[in-house]
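The values are calculated or read from the model by the stated rules, or taken from the named source; none is laboratory data. Fair warning: this is a prediction, and the values are worked out from it, not measured in the lab. Neighbour counts run over all protein chains shown; Cβ positions are idealised from the backbone, glycine included.
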Amino acid sequence: MHESLLIENGTLLSTGAVPSVRRNHSILIKDGLIARIAPGSRIGAFSGKRIDASGKVVVPGLINAHTHLYSTFARGMLKVRPSHDFMGVLRNLWWRLDCALTEEDCYSSALVALIDSIRHGTTTLIDHHASPRAAAGSLDAIARAVGETGLRACLCYEVSDRHGARSAREGLDENARFIRKCQEHGDGNLRALFGLHASFTLSDKTLEEAAGLGHSLGAGFHIHAAEALGDQQATLRTAKASVIARLEKQGILGRRSVAAHCVHVSQKEIDMLAQSGTAVAHNPQSNLNNAVGTANVVEMARRGAVLGLGTDAMTANMLEELRVALWAQRAETRNPSAGFREVTGALFDGNPRIASRIFGLRFGELRKGCVGDVAIFDYDPPTPLVSDNALGHALFGLSQARVDTTVVGGRVLMEHGRLLIDVDEERANERARELARNLWQRS
Ligand SMILES: [Zn+2]
């Protein structure tokens, strides 16, 4: 059920392709969408819920173009052996973790990560899930957490041959089952893509089967692509093609697909991504942490690729990721002017375009007809905030400010820092700690 909501007298910072700032404006949200925006109290008679946003900054809800809700239990994980390369990171941490996940772990880790997203004004997430010992039904467990938090999410299961044919089969089945379920019982806040782990862990047979299934279901795909150089090297060795060329050959690229990372791609591959309309999800913090390199987002944007920004589960705070995206471009190129337009464009224009393709709604702007998803920041700027410097304030000011209120489709999920969802945050955290301790012991 959609609720009507009036957000009154805020400073509206609309993002999208052309940012704008309007002072002392109100937003009326009806039937899940922004119905009207007007100065001051000119909205007229209204009898629903009101939120006073005076002295605060209202922005469109933030979008995370690539994350892993399951990775919550990696925080502080004990006895992780040091890794010398990206394969070591996967073997010593991620594959050790995901292999130990139970269905309850999937639900619990998603729930606390989603609450964290509400607290940081992130209202839509595109997730990539793996739990090889509990694949069947795992997306339902995550979907349950999504439903309880009221956020929007697009889910998939990352198919891989890394644990053998049976595990790959279970991954294929889980994607197909969940995509059908989403198509048949449309929940407005939930979508599905066909998930694939990465080229180097997928045999030709599995990739072909995934492509065939995905195409028959009319689904896009979500895959890690050329995250580390090893993905390219292994794909060249076994498939005699580059990663992106291999995906193109199987029809995996396209306007509904998301390729995460693309750190090690040639200009020819960038052109394939751009021409196919595939969304590239850039994850700078993860790339820096794993020491795999920095994606050339300036070149990707120049060649017309649809560029978005994800966190790869490093944070729920999209503005923190934005800052690091900028520092990474500048450190990589030793150019203190590099990347501003590209990284702000990825978060504020690219991510809404990606979400719009997946959800069939308009995202990323404060204007009539766009989704009624907003984050209200407790931010009283010490310098003038105007349309021309709105992105500078987002990077250097809003990113350091507290999110006061989070709204999805007109439903208030958090108001003045207090959660209004039917989830006990303390109990959710307590249960997560118990489950994480158990998981660490048995992994
Ligand atoms: Zn990832």
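For region 120-140, give me each residue that is surrounded by fewer than 24 Cβ atoms within 10 Å (Cβ to Cβ) and either assigned to a loop (DSSP other than H, G, I, E, B) or aliphatic (A, V, I, L, M) (or both).
Passing the criteria: 120, 132, 133, 134, 136, 137.
Go through (1) crowded, with 19+ Cβ neighbours inside 10 Å; (2) touching a strand residue (DSSP E or B) at 6+ places or on another chain (Cβ under 7 Å) one by one and return the number of the condition residue 277 breaks.
(1)
Residues in region 182-196 that are in contact with a helix residue (DSSP H, G or I) (Cβ under 8 Å, 6 or more places away or on another chain) and surrounded by 15 or more Cβ atoms within 10 Å (Cβ to Cβ): how many?
The qualifying residues number 8.
Can you confirm whether residue 176 is under 26 Å from residue 295 (Cβ atoms) and either not charged (D, E, K, R) or not in a helix (DSSP H, G or I) (or both)?
So residue 176 fails the test.
Mind listing whichever residues of region 378-425 are of a type in the set (Lys, Arg) and assigned to a helix (DSSP H, G or I)?
If the condition is that a residue be of a type in the set (Lys, Arg) and assigned to a helix (DSSP H, G or I), then no residue fits.
Given the criterion surrounded by 16 or more Cβ atoms within 10 Å (Cβ to Cβ) and more than 24 Å from the chain's Cα centre (by Cα), identify the matching residue among 245, 259.
Every option except 245 fails the conditions.
Being over 27 Å from residue 414 (Cβ atoms), of a type in the set (Phe, Trp, Tyr) and in contact with a Ser or Thr (Cβ under 7 Å, 6 or more places away or on another chain): is that true of residue 157 here?
yes
Regarding region 223-241, can at least one residue be identified that is aliphatic (A, V, I, L, M) and in contact with a Leu (Cβ under 6 Å, 6 or more places away or on another chain)?
Checking region 223-241: at least one residue is aliphatic (A, V, I, L, M) and in contact with a Leu (Cβ under 6 Å, 6 or more places away or on another chain).
When you scan region 1-99 for strands (runs of 3 or more DSSP E) that lie fully inside it, which ones turn up with 2 or more residues that are over 24 Å from the mean Cα position of the chain (by Cα) and charged (D, E, K, R)?
20-30, 49-52
Can you report the number of residues in region 192-223 which are among the aliphatic types (A, V, I, L, M) and assigned to a helix (DSSP H, G or I)?
5
Give just the number: which of (1) of a type in the set (Phe, Trp, Tyr); (2) more than 16 Å from the ligand (Cβ to nearest atom); (3) crowded, with 17+ Cβ neighbours inside 10 Å does residue 46 not satisfy?
(3)
Only one of 227, 209 is of a type in the set (D, E, K, R) and within 16 Å of the ligand (Cβ to nearest atom); which?
227
Give just the number: which of (1) surrounded by 22 or more Cβ atoms within 10 Å (Cβ to Cβ); (2) under 18 Å from residue 156 (Cβ atoms); (3) over 21 Å from the mean Cα position of the chain (by Cα); (4) away from the ligand (no atom under 16 Å from the Cβ) does residue 217 not satisfy?
(1)
Determine whether residue 107 is farther than 24 Å from residue 284 by Cα and not in a loop (DSSP other than H, G, I, E, B).
In short, yes.
If you check residue 98 against the conditions, is it farther than 23 Å from residue 348 by Cβ and within 16 Å of the ligand (Cβ to nearest atom)?
Yes: the conditions hold for residue 98.
Looking for something under 21 Å from residue 201 (Cβ atoms) and either at pLDDT below 95 or in the same structural domain as residue 373 (by TED's automatic domain parsing) (or both) - is there at least one such residue anywhere in region 117-128?
no
With the structure loaded, tell me whether residue 98 is touching a Pro at 6+ places or on another chain (Cβ under 7 Å) and surrounded by 23 or more Cβ atoms within 10 Å (Cβ to Cβ) or whether it fails that test.
Yes: the conditions hold for residue 98.
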